[in-house]
Amino acid sequence: CSEKLPEDGKEVLVWYEYFRYGNYNCMYQTFGIGYQFDGFWSGDVQGHKSRCIAWQPLPEQYKEN
């Protein structure tokens, strides 16, 4: 993410971390689908203390022969 961001609004596969409050109170890392506009992430990567670590384009959709 520090080298390059995807196009604005384009969904990509992201690896991100987020802080979970309550009984957990710790940082978690997971993956999901996200998109960004002007460096601000949405989709699965949203909420307080969430940040994208890495991203890659989504694979092509399956097409039946």
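Structural remarks
- The range 9-27: number of residues that are over 13 Å from the mean Cα position of the chain (by Cα) and either among the aromatic types (F, W, Y) or open to solvent by 60 Å² or more (accessible area, probe 1.4 Å) (or both): 7
- For the condition of a type in the set (F, W, Y) and at pLDDT below 85, Y16 does not qualify.
- When the test is whether a residue is open to solvent by 40 Å² or more (accessible area, probe 1.4 Å) and either more than 12 Å from the chain's Cα centre (by Cα) or without any contact (Cβ under 8 Å) to a residue 24 or more places away in the chain (or both), S42 does not pass it.
- Scan of the range 45-58 for residues that are open to solvent by 90 Å² or more (accessible area, probe 1.4 Å) and either among the charged types (D, E, K, R) or modelled with pLDDT of 90 or more (or both), ordered by number: K49, R51, Q56
The values are calculated or read from the model by the stated rules, or taken from the named source; none is laboratory data. Model, not experiment: these values are computed from the prediction. Backbone-built Cβ (ideal geometry, glycine too); neighbour counts: all protein chains shown. Quick note on the areas: whole protein, heavy atoms, side chains included, nothing else; ligands and nucleic acids left out. Shrake-Rupley method; radii C 1.70, N 1.55, O 1.52, S 1.80 Å.
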